[in-house]
Amino acid sequence: MATSVHPDGLRKILDDGREYALLDVRERGRFARAHLFLAINLPLSHLELRMRRFVPRYTTRVLLCDDDSGLAARAARTMEAAGYTDVSTIEGGVYNCTGSGFELFRGHYVTTYAFGLYVDQHYHPPRISPDELSTRMSSGEKLVVIDSRTEEEFRGGSIPGAINVPLGELPYRIHDLVSEPGTPVVVGCGAVTRGVLGGESLIEAGLDNPVLVLTNGVRGWELAGQPSEAGSKLVGQPPSAEAAALAVEAARSLAVDTGVESITPAELDRWRADQDRTLYVVDVRTREEYEAGHLPDAIWIPGGELIGLYEDHIATMNARICLVDDDGARSTLVASWLGRMGWPDVAVLDGGVHGHELAAGPRGEHIPELSRVDAAAMNPEDLSRRIQSENILVLDFADSSTYVLGHIPGAWWTLRSRLPDLVDDMPASDMLVATCPDGRLASLAARDLADLTHRPVAVLTGGTEAWHVSGRSLATGLTRTLGDVDDAAAEFVVREGDDPVTVRAAQRRMLDWQGELLQILQRDRTFSFPELPVLSRPHHRK
């Protein structure tokens, strides 16, 4: 049975240097309002689907927190039933921690955001303002503008003419994108971290071109009144042999400058055999490369996402991380930044994927809880027919943003974690049918519903995607909701259709938050970034 940890005891755990996973199991919107530093947001709604990837070792110390709403206790029961043996909840929730000297942080990706600000203050990569960039672009000056976010983020809105090269690929691909040494290269992202780290990575790689970091990225560009572009297809391509060779050479120097360690396959096997430590074997290449052939136990996290968005993938602090690619260029870059961020045991695998038996395709996930769901299945044709003649209530457990883009007509959006509080408020019906994009979360929700109601419960086979693929129409908008829509952060978010005043207010709040983040972190005393190394290429800072 899970124990309860007082916030004073939590402080001792965070400071002892051993492994732990601090999981905040509230929905993303509530988490973003106030959470502990280093807490990983793993909502109770999705817990079974993600917990084994985030916390792969069952004996890891797991610390669960909420806002004293009971979600942590429910999560503890789920994790213990799955086999986790060292699970605790934080007494009184996150708000109770302030009395023990903890600060509460707003937003998501706070650790990596703060790291970007810290790197910027230490290395001072050259800057360019949105207004200056706009002026130089309008004058016809030859520039290479890079957006270092994921392709999905890039397509959502970018600077016109920018080329998408994710952070982990940037030194690897840049030489094919600049044909003349004098051409300035401008690197930006959504706001700070991946732009700063991307620009600094090019400087450290010894790029002959002047490198400039766009102040506050796309957010700063839009706040300056400049138009962004949605749906751009300007994406950097895999490198030529010459460009890859230059990246490998730069990586060797970077490894020396930043103390990147490498391990042999035999040493990796010893790490694998150590039952007292968590090991993440991470392939940092592109999805296409990973699925063409990867180490069987490697998870796929593109290098830029592991640096800038690690909270979406791994949760065990002080774990071992072994990075894998094909020639060492990308894994060394990622290792250098993770080490500077404060991860204590990061290494690059000598030889990468070469010389190993490889698995192809995406890595499968074993989720035993799905096999234990005992709910009736209903295909799209049956559901469509029965909606016409029976009183069926369709419940959609997708993210609210996904529901807005497309849902089964008449379906109600709700959160799985809120079902105990909402089941009595559901409209009358003869049957409940659960759906979500792929059907997995809906299956778990159907199991919960069976314990909460006497109504028959079914699951839409293949989920809403199967409904759409079968040729049936989808409705849009946030039309029917059960419970608060708190599964997404709202304070800094700009939504399609927002008026300019609303957009600028959200962007200004983000900049204000950014300006005070490092000061709050210093007061918190939970964590401090290590002293950054002095690098050997200062002459490239133009």
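The values are calculated or read from the model by the stated rules, or taken from the named source; none is laboratory data. Keep in mind that what you see is a predicted model, and the values were worked out from it rather than measured. We place every Cβ from the backbone using ideal geometry, glycine too, and count neighbours over all the protein chains shown.
Numbers below:
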read-out	value
Selected residue (criterion: surrounded by the most Cβ atoms within 10 Å (Cβ to Cβ)) from residues of region 444-462 that are in contact with a helix residue (DSSP H, G or I) (Cβ under 6 Å, 6 or more places away or on another chain) and either small (G, A, S) or without any contact (Cβ under 8 Å) to a residue 40 or more places away in the chain (or both)	A445
Options I387, I301, I307, I314; residue that is aliphatic (A, V, I, L, M) and surrounded by fewer than 22 Cβ atoms within 10 Å (Cβ to Cβ)	I387
Leading residue by the ranking (nearest to the chain's Cα centre (by Cα)) among those in region 403-433 that are more than 17 Å from A446 (Cβ to Cβ) and of a type in the set (D, E)	D421
Search result, residues across region 74-92 that are out of contact with any Ser or Thr (no Cβ under 6 Å at 6 or more places or on another chain) and not in a loop (DSSP other than H, G, I, E, B)	R74, A75, R77, T78, M79, E80, A81, A82, V87, I90
Count of residues meeting criterion [in a helix (DSSP H, G or I) and either in contact (Cβ under 8 Å) with a residue 12 or more places away in the chain or touching an Asp or Glu at 6+ places or on another chain (Cβ under 8 Å) (or both)] in region 221-243	5
Condition met for E305 (under 29 Å from V469 (Cβ atoms) and outside the structural domain of R52 (by TED's automatic domain parsing))	yes
Residue pairs meeting the criteria (Cβ under 9 Å; at least 6 apart or on separate chains; first closer than 25 Å to R61 by Cβ, in region 250-279; second surrounded by 15 or more Cβ atoms within 10 Å (Cβ to Cβ) and hydroxyl-bearing (S, T, Y))	T278/T60; T278/T316
Any hit, region 364-382, residues being within 27 Å of the chain's Cα centre (by Cα) and more than 30 Å from A298 (Cβ to Cβ)	no
Per-region count, region 93-103, residues surrounded by fewer than 16 Cβ atoms within 10 Å (Cβ to Cβ) and either within 27 Å of the chain's Cα centre (by Cα) or not in a helix (DSSP H, G or I) (or both)	3
Selected residue (only one of V218, V213 is within 25 Å of Y113 (Cβ to Cβ), part of a strand (DSSP E or B) and not assigned by TED's automatic domain parsing to the domain that holds G293)	V213
Condition met for V348 (closer than 21 Å to P530 by Cβ, of a type in the set (V, I, T) and touching a residue at least 60 places away in the same chain (Cβ under 8 Å))	yes
Checking L295 against (1) assigned by TED's automatic domain parsing to the domain that holds G328; (2) aliphatic (A, V, I, L, M); (3) in contact with a helix residue (DSSP H, G or I) (Cβ under 6 Å, 6 or more places away or on another chain), the condition it does not meet	(3)
Filter result (touching an Asp or Glu at 6+ places or on another chain (Cβ under 8 Å), farther than 16 Å from A335 by Cβ and not in a strand (DSSP E or B)) within region 283-312	T286, E289, Y290, L295, P296, D312
Matching residues in region 65-92 - criterion: being over 20 Å from R277 (Cα atoms), crowded, with 20+ Cβ neighbours inside 10 Å and in contact (Cβ under 8 Å) with a residue 60 or more places away in the chain	L71, A76, T89, I90
Number of positions in region 401-415 that are surrounded by fewer than 23 Cβ atoms within 10 Å (Cβ to Cβ), out of contact with any Pro (no Cβ under 7 Å at 6 or more places or on another chain) and part of a helix (DSSP H, G or I)	3
Restricting region 244-279 to residues that are touching a Phe, Trp or Tyr at 6+ places or on another chain (Cβ under 7 Å) and in a helix (DSSP H, G or I), the residue that is surrounded by the fewest Cβ atoms within 10 Å (Cβ to Cβ)	A244
